[in-house]
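Structure, as structure tokens:
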Ligand SMILES: Nc1ncnc2c1ncn2[C@@H]1O[C@H](COP(=O)(O)OP(=O)(O)O)[C@@H](O)[C@H]1O
Ligand SMILES: [Mg+2]
């Protein structure tokens, strides 16, 4: 399998290929894998992504390699513009890698491979809370009795039952994000992809939704790939954290988070290890953030010369 | 599980409060809307009575209403109104359906847009009334030419607004649809159509207004029934009151159409904050 140089492809994982522990990082800040996960759910092999823009080619990802075991809550932190969203979109199948390949373990019978919680407001403004949350199931033609049961369950879990007939514009930002979470969980995918789902929320709402998310996740323990720019969030939620380099994005370090499950979001922050891990990751990130700032400082000159502006995400 | 913090979060958005405050203002607005024309009519009547304006051009409102009652009891007014409404109705659908389909398809497909867009925007600036002789030539003096004129009036605003509506939908919503497994038809039904609906309704309102203008013009030239014909005929017979009756009925139809379409808009875009 390792020899197959298929590029720009997503292929199902070959079952003989399980268990390879790829670490494309310079350092691992905390002790290596404590759990013996042998079942790889998502494998990223030398994935590179380049965008051709009018002002030249942007390399968003540079030969990134990583394995995510089944059931892991995998976190990605990195400076903005380092290719986090791009990676997630490739995992979701919304974008193809320029070179390299992504392998995703075959989905359980009757289940979608992945569902994504998009960065920003992504619930449909023209659908009620109920229609938004049931979207995936309705598109797949799931029987209505089953839809009622599943969607009812997740609206209950997210505290949205009373708002099932409301439209998004009638909800607060925190509640809209809950709808987005309910929509993804109700779809019951094998892998959940989340792109900075809480970054637009205030601190209280964020903490609240983090613990809700963990509670809902504890029921199913799905594989999660979760992007954040908050180191605290990464340590609070994740089993393992990938720290990314600034653009072109690659893995700088993998950090194991030793905390047990289920977790108490608030209690966790009291522990001495918590501060240690956060500090560790900040050390890793600091250089990268500085480097990406330097790159940005250099950018206006180039923009001025061509009179172009690139619309970043 | 999170019910305790719900009320606080909802309270900030005030779900029930806003519409209530608005409807109070709306009541006063509609009182004003009735008052202004009534006052204007009274002034007009007064000016005619004291001979301050020429009654040959501006007959007293009372004379116009009298003429209207006569025409209503003879059934004449009713016949003309029904003839115009019938053409308006058929022409409306004849223009709307292809415009909707074409607009959505042009919004979704870049290559179709490139192919059809020059045709549509190239013919759009032609005053539709200037097409009347050609339409009469092609479709004759029968019902069809009038219906086609209305259809043309409805078609352009709807096709352009539908396309623009589809184009302004955030690409993210298509990604969501794709990620959640929507097939082509489902993307059309759950993203493109509802996403463009507010813009479509704007187009429909514009189109209906244009259709009304065009039916009046078309009936003046090529018909022997309808409100347009009635007004033109009144000019030839020098029955100024009848002309005003025709104008009044057309204005009422226009007003009724706007009300009706506003109601339809509320039904087909229930997610829009009440206007
Ligand atoms: N469709 C695109 N076209 C051109 N450049 C893109 C596109 N998508 C992303 N990029 C560029 O790729 C880089 C990584 O983007 P992204 O993955 O959104 O970063 P992040 O999510 O880490 O902030 C950015 O420099 C961005 O401008
Ligand atoms: Mg991003």
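If we scan region B:205-219, do we find a residue that is in a helix (DSSP H, G or I) and either over 23 Å from the mean Cα position of the chain (by Cα) or within 14 Å of chain A (Cβ to nearest Cβ) (or both)?
We begin by selecting, within region B:205-219, every residue in a helix (DSSP H, G or I); these are B:205-219.
Then drop every residue that is not either over 23 Å from the mean Cα position of the chain (by Cα) or within 14 Å of chain A (Cβ to nearest Cβ) (or both), which leaves none.
Checking region B:205-219: not a single residue is in a helix (DSSP H, G or I) and either over 23 Å from the mean Cα position of the chain (by Cα) or within 14 Å of chain A (Cβ to nearest Cβ) (or both).
Output the qualifying pairs, or none if there are none: Cβ atoms under 6 angstrom, residues six or more apart or on different chains, first residue in region A:224-241 and within 14 Å of chain B (Cβ to nearest Cβ), second residue within 13 Å of ligand 1 (Cβ to nearest atom).
If the second residue must be within 13 Å of ligand 1 (Cβ to nearest atom), the pairs left are A:225/A:193.
Quick check: is even one residue across region B:152-168 closer than 26 Å to residue A:132 by Cβ, within 14 Å of chain A (Cβ to nearest Cβ) and surrounded by fewer than 18 Cβ atoms within 10 Å (Cβ to Cβ)?
The answer is yes; a qualifying residue exists.
Hey, can you tell me all the residues within region A:91-100 that are more than 12 Å from chain B (Cβ to nearest Cβ) and closer than 24 Å to residue A:217 by Cα?
Kept after step one, since they are more than 12 Å from chain B (Cβ to nearest Cβ), are these residues of region A:91-100: A:96-100.
Matches in region A:91-100: none.
Name the residue, out of A:99, A:108, that is more than 30 Å from residue A:293 (Cα to Cα) and in the same structural domain as residue A:195 (by TED's automatic domain parsing).
Working: A:99 fails: more than 30 Å from residue A:293 (Cα to Cα).
Of A:99, A:108, the one residue that is more than 30 Å from residue A:293 (Cα to Cα) and in the same structural domain as residue A:195 (by TED's automatic domain parsing) is A:108.
Exactly one condition in (1) at pLDDT below 90; (2) surrounded by fewer than 20 Cβ atoms within 10 Å (Cβ to Cβ); (3) more than 17 Å from the chain's Cα centre (by Cα); (4) away from chain B (no Cβ under 13 Å) is not met by residue A:200; state its number.
Status for residue A:200: all satisfied but (3).
All but one of (1) assigned to a helix (DSSP H, G or I); (2) surrounded by fewer than 18 Cβ atoms within 10 Å (Cβ to Cβ) hold for residue B:67, so report the exception by its number.
Of (1) assigned to a helix (DSSP H, G or I); (2) surrounded by fewer than 18 Cβ atoms within 10 Å (Cβ to Cβ), only one is false for residue B:67: (2).
Could you list all residues from region A:164-197 that are more than 8 Å from chain B (Cβ to nearest Cβ), out of contact with any strand residue (DSSP E or B) (no Cβ under 6 Å at 6 or more places or on another chain) and more than 16 Å from ligand 2 (Cβ to nearest atom)?
Going through region A:164-197, the residues more than 8 Å from chain B (Cβ to nearest Cβ) turn out to be A:164-165, A:173, A:176-182, A:184-186, A:188-197.
In the following step, the residues that additionally are out of contact with any strand residue (DSSP E or B) (no Cβ under 6 Å at 6 or more places or on another chain) were identified as A:164-165, A:173, A:176-179, A:181-182, A:185-186, A:188, A:190.
Scanning region A:164-197 gives A:164, A:165, A:173, A:176, A:178, A:179, A:181, A:182, A:185, A:186, A:188, A:190.
Within region A:105-117, can one find any residue that is surrounded by fewer than 17 Cβ atoms within 10 Å (Cβ to Cβ), farther than 22 Å from residue A:255 by Cβ and modelled with pLDDT of 90 or more?
As a first pass, look at region A:105-117 and keep what is surrounded by fewer than 17 Cβ atoms within 10 Å (Cβ to Cβ): A:106-111.
With farther than 22 Å from residue A:255 by Cβ added as a condition, the list becomes A:106-111.
If we keep only those that are modelled with pLDDT of 90 or more as well, we get none.
So far as region A:105-117 goes, no, none of its residues is surrounded by fewer than 17 Cβ atoms within 10 Å (Cβ to Cβ), farther than 22 Å from residue A:255 by Cβ and modelled with pLDDT of 90 or more.
Taking residue A:103, is it over 21 Å from residue A:216 (Cα atoms) and in contact with a strand residue (DSSP E or B) (Cβ under 9 Å, 6 or more places away or on another chain)?
Details: over 21 Å from residue A:216 (Cα atoms): yes; in contact with a strand residue (DSSP E or B) (Cβ under 9 Å, 6 or more places away or on another chain): yes.
Yes, satisfied.
Among the strands (runs of 3 or more DSSP E) confined wholly to region A:52-166, which include 2 or more residues that are within 16 Å of ligand 1 (Cβ to nearest atom) and under 25 Å from residue A:284 (Cα atoms)? First the steps, then the outcome.
Values: elements: A:56-69, A:73-77, A:99-104, A:114-117.
Of the strands (runs of 3 or more DSSP E) lying wholly inside region A:52-166, those with at least 2 residues that are within 16 Å of ligand 1 (Cβ to nearest atom) and under 25 Å from residue A:284 (Cα atoms) span A:56-69, A:73-77.
For residue A:154, which of the numbered conditions (1) more than 11 Å from chain B (Cβ to nearest Cβ); (2) without any contact (Cβ under 8 Å) to a residue 40 or more places away in the chain fails to hold?
Of the numbered conditions (1) more than 11 Å from chain B (Cβ to nearest Cβ); (2) without any contact (Cβ under 8 Å) to a residue 40 or more places away in the chain, the odd one out for residue A:154 is (2).
The values are calculated or read from the model by the stated rules, or taken from the named source; none is laboratory data. These numbers were taken from a predicted model, which means no experiment stands behind them. Heads up, the Cβs are rebuilt from the backbone with ideal geometry, glycines too, and the neighbour counts pull from every protein chain shown.
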